[in-house]
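Structure first, commentary second.
The values are calculated or read from the model by the stated rules, or taken from the named source; none is laboratory data. Note that this is a predicted model, so its numbers are computed, not measured. Using ideal geometry, Cβ is built from the backbone for each residue, glycine included, and neighbour counts are taken over all protein chains shown. With ligands, DNA and RNA removed, areas are computed over all heavy atoms of the protein, side chains included. Shrake-Rupley method; radii C 1.70, N 1.55, O 1.52, S 1.80 Å.
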Amino acid sequence: MRIIRRIPNTVLFNTIFVTVNILMASTRFSLSRSVHPILKRPPCSSSPRFAPKALLKSYPCPLWSSSFSFCLQTLHHSTSPYLSSSSFSFSSCSSFSPPSMASSFTVDDSIGSNPLLQDFDFPPFDIVEAKHVRPGIRALLKKLESGLDELEKTVEPSWPKLVEPLEKIVDRLTVVWGMVNHLKAVKDSAELRAAIEEVQPEKVKFQLRLGQSKPIYNAFKAIKESPDWQSLSEARKRIVDAQIKEAVLNGVSLEDDKREQFNKIEQELERLSHKFSENVLDATKKFEKLITYNKEIDGLPATALGLAAQTAVSKGHENATAENGPWMITLDAPSFVSVMQHARNRALREEVYRAYITRASSGDLDNTPIINQILKLRLEKAKLLNYNNYAEISMATKMATVDKAEELLEKIRSASWDAAVQDVEDLKSYSKSQAASEADSLSHWDISFWSERLRESKYDINEEELRPYFSFSKVMDGLFNLAKILFGIDIEPADGLAPVWNKDVRFYCVKDSSGSPIAYFYFDPYSRPSEKREGAWMDEVVSRSRVVSRNGTTARLPVAHMVCNQTPPVGDKPSLMTFREVETVFHEFGHALQHMLTKQDEGLVAGIRGVEWDAVELPSQFMENWCYHRDTLMSIAKHYQTGESLPEEVYLKLLAARTFRAGSLSLRQIRFASLDLELHTKYIPDGPESVYDVDQRVSRKTQVIPPLPEDRFLCGFNHIFAGGYAAGYYSYKWAEVLSADAFSAFEDAGLEDNKAVKETGHKFRETVLAFGGGKAPLEVFVEFRGREPSPEALLRHNGLLSVTA
């Protein structure tokens, strides 16, 4: 699945961008071509995108995401049950009683009690355990093998005889495998890992067979060449074209010996990507620093101290308190970011920073050999398919080309460079004015700290003092109210309707203006470092589809999940969010909206499925803009104790600070994207340069302060080594152009004109959110905006327009 994750246009609080090097995402994306295209979604997570090398993935957020609960990879998309709109004719979500579902998948009585093989209306997340994985997946694959045998014998070049039975096979695997992999992302355990690792090769083997099926491939080509081709809908034409292209990328045209080599490569890439992400998670969990003296954590805000004490309690220090300690510092995002941003103890900042940038780069958890082998195998795969490099494979299913992506990155790099140089000079000057001993030699562990001090001084905004205005419940209420204004939908709590994997998970029902349910989603908001991957992502649980609905006529309703890693409630206080965490929720919700509000009944291109990877971040980044819209922000910014609204002068300061350090933050994303393309176009595995040499070389053009020689950021770069962003990280900037221009339509209409905002929102829903992958993204954008996209709005929003001018 694709995990969809937030990529802010804003730069406001990203003063800690340096600290975020590797905070990575839920890249639920290693979209691999080893799987049938139907199993993969176009990007999250999010992310994705959507599953690592096989299933659809979630969408992960960019590494510099302003909320810094970075996107994390939910390896593989989790799809849920068979929900049809006809099943939900009730007027209240909470009154819904799930009807029993006639099973299209029967199993032997001996394994009939396995929850992975049962009929359900929502996945039984609460009862699935590691012990169910091996027998459940093997029984499922046996049944699906039989179904594929039958399809290949009876296939005809028609929708009922080809696409519909194929979608049913793919959907069942996506539902079950997605459920398992979702649990691995949010409720990890050694037993679950071992079970997945054991059956994963069998699952990949089936996916390879499906993706390389010549009877299916030939049937799709026959549809394309038939006299009826022109009468097909645009969505169906895109499905056929995508299936043909993906089959070729899956190796269907290879001779037997080359196909065998290709399949071995795909199996090994799948294994390596899983191992890579596990090493990152384990390395992150491994670092723990217990602090017992107040002086060592001087400067940390009360929220961070409370979380550090709460972590210490969970590690066996029962008497730990926020006031007296001891305090446990970890590399989990809320802890790491607080230290880098607020700790006055420079030695502590350095220790934590160095630990972070060298995660998974030594000992049993060293990802270096895995990186080298992944890049080598990807290049071998490209050569087998007659491509020059892996980036050309990646671009085959995207809007951009390698040249166009590099051209965009260079334009933004050159527009950002002078501003980034000035950012560093400003930090030096300010730290010197504060008599900082390090003022003349600022290092990486100083940048976030002094950036935050400068921002506080310049705009008189203290992020920690803003937390009481952003309580979780108020933020969600305001977000849902915005969705009602823009898109005419109502969102109601439906807790108890669906099983969940943790007591903090919320469940919601989405209704249209008539009060009828049209979608559902889960939201898992809080950080759980011991079992949950870092980052924030959106993933599909099940997509809208007519074919797999109960009656085959009314579409099955879509279900999504959103996952964040924000600050949990501490003591008797509710979850009080940073502004970055607010932006992250808006971002992930944008992804969810595209999934849930689709009007496309063709399941293979509904919602985020079939959307080109470099366009999928449009709705998510679009939603972030509303965090700076006065009426929206004031609706969510209410003091959790007094109910007092955020003072007007504070809102104006937030607005003014939006472009703070925009040049530096832009360059950081350019570094990641440029490095990704360099490794997948020009890099020669086992050649004269190491991957770290390449990083240093790229950074000389993209970073004012180059990374440390020992920087091993790449060892934690889940996006490109364990997700679907290989030769695709540029997509964040590509889609940012689209999203900023889309929001400018509301600016042109008048953000204070409620009628115009509603009309423009309706148009956005009926185009960007409705078409899914059933229409080319450029055509969708032009239908909404009336013209092709322009980068002017992005540069203006980031305060860089005058630089380019």
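Summary of values
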item: Modelled label reach - Glu407, point 7 Å along Cα→Cβ, segment 769-801 residues with backbone N closer than 16 Å; result: 788-792
item: Computed FRET value (nearest 0.05) for Leu384 with Glu225, which takes r as the C-beta separation and R₀ as 22 Å; result: 0.25
item: For segment 688-795, alpha-carbon Rg and Dmax in angstrom; result: 19.5, 62
item: Long-range HN-HN contacts of Ile489 with modeled amide H, under 5 Å; result: Lys484
item: Computed E for Ala347/Lys237 - FRET, C-beta separation, R0 51 angstrom, nearest 0.05; result: 0.25
item: Equivalent ellipsoid, segment 287-358 (semi-axes from 5 times Cα gyration tensor eigenvalues, Å); result: 18, 13, 10
item: Prolate/oblate/rounded call for segment 467-658, Cα gyration tensor, a/c under 1.5 rounded; result: prolate
item: Ranked by how many other beta carbons lie within 10 Å on average, peptides 500-513, 612-625, 767-780 from highest; result: 612-625, 767-780, 500-513
item: Gain in span if fully extended, Gln422 to Lys264, counting 0.36 nm per residue against the direct Cα distance; result: 51.9 nm
item: Solvent-accessible area per residue for the chain (1.4 angstrom probe, square angstrom); result: 33
item: Amide hydrogen neighbours beyond the local backbone of Val541, cut-off 5 Å, H modeled; result: Ser80, Val559, Ala560, His561
item: Of all accessible heavy-atom area on the chain, the percent that carbon and sulfur account for (1.4 Å); result: 49
item: Karplus (6.51, -1.76, 1.60) ³J(HN,Hα), θ = phi - 60°, over segment 303-315, in Hz, Gly and Pro reported as x; result: 4, 5, 5, x, 5, 5, 5, 5, 5, 4, 4, 5, 9
item: Lysines with Cα under 19 Å of Lys142, excluding same-chain neighbours fewer than 8 positions away; result: Lys131, Lys153, Lys168, Lys203, Lys205
item: Spacing of the two label points (7 Å from each Cα toward its C-beta) at Lys142 and Gln373, in nm; result: 3.1
item: 5 angstrom amide H check on Ile518, placed H, neighbours 5+ away; result: Val510, Lys511, Asp512
item: Note, ³J(HN,Hα) from phi for segment 163-172, Karplus 6.51, -1.76, 1.60, rounded to Hz, x at Gly and Pro; result: 6, 5, x, 5, 4, 5, 4, 5, 4, 5
item: Debye, to nearest 20: dipole size of segment 287-358, +1 on Lys, Arg Cβ, -1 on Asp, Glu Cβ; result: 200
item: Which labelled figure in (1) 2, 12, 20, 23, 19, 12, 7, 3, 1, 0, 0; (2) 3, 15, 27, 28, 18, 8, 2, 0; (3) 3, 14, 23, 24, 20, 12, 4, 1, 0 is P(r) over Cα pairs in 10 Å bins from 0, in percent, once derived from the coordinates; result: (2)
item: Potential extension, Ser113-Ser437 segment - 0.36 nm per residue separation minus Cα distance; result: 110.0 nm
item: Within straight-line cross-link reach of Lys432, lysines at Cα separation under 26 Å, skipping those fewer than 8 residues along the same chain; result: Lys295, Lys458, Lys653
item: All lysines inside 17 Å of Lys245 as judged from Cα atoms, apart from same-chain residues fewer than 8 positions distant; result: Lys40, Lys53, Lys214, Lys221, Lys224, Lys237, Lys381, Lys383, Lys398, Lys775
item: Using θ = phi - 60° and Karplus 6.51 cos²θ - 1.76 cosθ + 1.60, couplings along segment 369-374 (whole Hz; Gly, Pro as x); result: x, 5, 4, 4, 6, 4
item: Computed Rg/Rh of segment 392-488, alpha carbon atoms with Kirkwood Rh; result: 1.17
